1. Within the stretch 107-130, which residues are outside any helix (DSSP H, G or I), surrounded by 10 or more Cβ atoms within 10 Å (Cβ to Cβ) and either hydroxyl-bearing (Ser, Thr, Tyr) or at pLDDT 85 or above (or both)?
2. Which one of 97, 57 is without any contact (Cβ under 8 Å) to a residue 40 or more places away in the chain and among the small types (Gly, Ala, Ser)?
3. Kindly indicate whether residue 87 is at pLDDT below 85, open to solvent by less than 60 Å² (accessible area, probe 1.4 Å) and either more than 23 Å from residue 123 (Cβ to Cβ) or part of a strand (DSSP E or B) (or both).
4. Can you spot a residue in the stretch 71-79 that is touching a helix residue (DSSP H, G or I) at 6+ places or on another chain (Cβ under 6 Å), under 17 Å from residue 146 (Cα atoms) and not acidic (Asp, Glu)?
5. Please name all residue pairs, on different chains or six or more residues apart, with Cβ atoms under 7 Å, provided the first residue is in the stretch 15-37 and is farther than 13 Å from residue 221 by Cα and the second residue is of a type in the set (D, E, K, R) and at pLDDT 80 or above.
6. Please work out which residue is nearest to residue 166 (Cα to Cα), limiting yourself to the stretch 90-106 and to residues that are under 22 Å from the mean Cα position of the chain (by Cα) and open to solvent by 70 Å² or more (accessible area, probe 1.4 Å).
7. Mind listing whichever residues of the stretch 150-178 are of a type in the set (A, V, I, L, M) and within 19 Å of residue 199 (Cα to Cα)?
Amino acid sequence: MNETTLTTTAVTAVTTQTFTETYAALNSNTIDIIKQNLKNQPLSIQLFDTVKAPSGGTTAFTIPGITGDEIEKSITGIILDYTTPRAYWETADPVEGTPPTCYSTNSIVSTDGKNCSTCPFNTFGSRNGDSMAKACKESVVLLMLRPGNIMPLAVRIPVSSKLIFQRYVTRLIGKMLPLSGVVTRITLDKTTNKSGQPYSVYSFEAVDMLSPDEAAKAKAFGENFMAVIDSTMQ
């Protein structure tokens, strides 16, 4: 597993011209266009193109594209925001699209008011006594704005890489950098668990740093975009 170290030499500034052309979504009228096109229709994360965690230790991402799935070794962009959901299904292998029995958007309290930290399904081994799996699945979902795209891409980080992401966020805090103030590159490494089964481990690297003005635009766009999602889901 390769851990990313953020250094001043590894992070370079994005020029204003390149930034404006590459991340046109951050233009001042983008949110207005989104609202006009929605016409009060709901905009939920479920409608976004989503990159799921690959299986079997695969070190490439499958990204939905307009002509079909695209295979990429990395995903690069600005992380506008992220959520830390949990979901519980009564069966260990639910049919895709089946709503969870219990759900939380922040891994703190469920939508019906239950405390996640004291829930018996949030303990190791609660799914199957012969394994250490939790019955309640947790993850991180990033909203990532990629170059040349207006709508963010939803990138799902499995619980096995949740701590790696949190360490990356903490490193940015140590450098006084907001998450949306850098361009992040995500890659995959192959490793194995205690049983010898291969799985993919996520790696995060800050490859560019935004100027204060650019970072402010990215932060404002992320906040306004999330406000659109929240308002249309009420």
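The values are calculated or read from the model by the stated rules, or taken from the named source; none is laboratory data. No experiment lies behind these values; they were computed from the predicted model shown. Ideal geometry is used to build each Cβ from the backbone, glycine not excepted, and the neighbour counts take in all protein chains shown. Accessible surface areas use protein heavy atoms only, side chains included; no ligands, DNA or RNA. Shrake-Rupley method; radii C 1.70, N 1.55, O 1.52, S 1.80 Å.
1. 107, 108, 109, 110, 111, 114, 115, 119, 123, 126, listed by residue number.
2. 97
3. No, not satisfied.
4. Within the stretch 71-79, one or more residues are touching a helix residue (DSSP H, G or I) at 6+ places or on another chain (Cβ under 6 Å), under 17 Å from residue 146 (Cα atoms) and not acidic (Asp, Glu).
5. Close Cβ pairs satisfying both conditions: 19/214.
6. 105
7. 155, 157, 159, 163, 164
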